[in-house]
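The structure under discussion appears below in the form of structure tokens.
The values are calculated or read from the model by the stated rules, or taken from the named source; none is laboratory data. All values derive from a computational prediction rather than experimental measurement. Don't worry about glycine lacking a Cβ; one is built from the backbone with ideal geometry, like all the others, and counts go over all protein chains shown.
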Amino acid sequence: MDLHLKGKTAIVTGGSRGIGKASARELACEGVDVAIVARDMATLDASAKELAKESGRRVVPISCDTTNDDAVKAMVKEVAGAFGHIDILVNSGAKPGGHFRGIKLADITEDKLHVEMGDKVMGYLRCAREVVCNAVRAEREKAIARRKDALTGTSDYPNLGEKQPAVLNVAKVATPKEASAAVTVEPLPRIRLAEPYEALRDKSDQMLAKTGARPKVFLANLGKLSDFTARAMFAKNFYEAGGIEAIGNDDFKDRAEMITAFKTSGARLACLCASDAVYAEQAAEAAKALTAAGAIVHLAGRPGENEESWRQAGIKTFVFIGCDVLSTLRAAYDSLAQS
């Protein structure tokens, strides 16, 4: 049976034996990478090896007590780190037969009931809550990385020349010592959505301090002003969001003038900017010339059916609305570091 799950990821609690292990086996055989979760690490290790050998998929054993909030949070974080994302949760973790096995109704106490509820009901709820929160967080981070959700001044319309504002040194609020006023509410996690972009800007600042110059991208504009302006502005915002300074220009009378301008710019990275019509006529030859001059060549826009021929001409990366800006910028830094 093909359930079209190949490439998905899953967490299966109680995955070291019984129904949980059987569920993990079926998922793995359907092409799912699975994290099996239970308390006993020895049993988990043995089951993970067995399932991985049988299915050919990645099976990760993780020891976790699902009655513990912190343990569940750490488990979900570990799985997300191992797989990159979590698609499926199967809650199957509980004591076989329950805690009431062999106990008469008259002997069931509230304490025993709370233990049962904490294991099955609350344990399942904890896992579901953390997986859903992780998914929401991951989706938001994906939207930020692709600039679907704009952070004005950071991911969109950055200003590399901005000055750090003065911030008041506000004293921390002291927690009252009186028992009646004790703070018992767990604070919300602090998440700065701009942090990935700020990390790239920090890297740029460090290079500026060390070498006297930021990393640069030369905007290789093709055609007339009306042909390249839109994509040149897009490219400038794209690269400067990660601290890569865009070297702009108006236009060039010929290819030789463009290559001379590139060589004198101090940039190692060049981004072709033009309309689709101009790209069709000039992109390949311009890419070859820039590559011969030592450039790492990008192109602003979707390649469409030209991708193979343009890559053969030397274009390494395409930047466009909806692409993963963060991974592209990180790769650009890596390329510059290797060149």
By residue number, the members of region 22-48 that are in contact with a strand residue (DSSP E or B) (Cβ under 7 Å, 6 or more places away or on another chain) and free of Cβ contacts under 8 Å to residues at least 40 places away in the same chain are ALA28, VAL34, ILE36, ARG39, MET41, LEU44, ASP45, SER47, ALA48
Hey, among ALA209, ALA166, ALA174, which residue is in a helix (DSSP H, G or I), modelled with pLDDT under 95 and more than 21 Å from ALA331 (Cα to Cα)? ALA209
Is it the case that ALA246 is in a helix (DSSP H, G or I) and among the small types (Gly, Ala, Ser)? no
Sole miss for ASN91 among (1) modelled with pLDDT under 90; (2) touching a Ser or Thr at 6+ places or on another chain (Cβ under 6 Å) is condition (1)
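To keep it simple, each residue is scored yes or no on (1) in contact with a helix residue (DSSP H, G or I) (Cβ under 7 Å, 6 or more places away or on another chain); (2) buried (at least 20 other Cβ atoms within 10 Å of the Cβ); (3) assigned to a helix (DSSP H, G or I).
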{"site": "PHE262", "(1), (2), (3)": "yes, yes, yes"}
{"site": "LEU272", "(1), (2), (3)": "yes, yes, no"}
{"site": "LYS288", "(1), (2), (3)": "no, no, yes"}
{"site": "THR291", "(1), (2), (3)": "no, no, yes"}
{"site": "HIS298", "(1), (2), (3)": "no, yes, no"}
{"site": "ARG302", "(1), (2), (3)": "no, no, no"}
{"site": "SER309", "(1), (2), (3)": "yes, no, yes"}
Please indicate, with yes or no, whether at least one residue in region 226-233 is in contact with a helix residue (DSSP H, G or I) (Cβ under 6 Å, 6 or more places away or on another chain) and hydrophobic (A, V, I, L, M, F, W, C). no
Failed condition for ALA71, given (1) more than 27 Å from LEU188 (Cα to Cα); (2) small (Gly, Ala, Ser); (3) assigned to a helix (DSSP H, G or I): (1)
Determine the pairs where a residue that is free of Cβ contacts under 8 Å to residues at least 60 places away in the same chain and part of a strand (DSSP E or B), located within region 314-339, has a partner that is among the small types (Gly, Ala, Ser) and crowded, with 17+ Cβ neighbours inside 10 Å with Cβ atoms under 6 Å apart, the partner being 6 or more residues away or on another chain. ILE315/ALA287
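Collect the residues in region 34-68 that are part of a strand (DSSP E or B) and among the hydroxyl-bearing types (Ser, Thr, Tyr), keeping them in residue-number order.
SER63
So which residues in region 2-33 are part of a loop (DSSP other than H, G, I, E, B) and either on the phi > 0 side of the Ramachandran plot or surrounded by 22 or more Cβ atoms within 10 Å (Cβ to Cβ) (or both), if there are any at all?
Keep residues of region 2-33 that are part of a loop (DSSP other than H, G, I, E, B), which gives 2-8, 14-17, 30-32.
Matches in region 2-33: HIS4, GLY7, GLY14, GLY15, SER16, GLY31, VAL32.
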Considering region 34-57 alone, what residues qualify as being within 25 Å of the chain's Cα centre (by Cα) and surrounded by 23 or more Cβ atoms within 10 Å (Cβ to Cβ)? VAL34, ALA35, ILE36, VAL37
Would you mind finding the one in TYR197, TYR124 that is over 30 Å from LEU329 (Cβ atoms), at pLDDT 75 or above and not charged (D, E, K, R)? TYR124
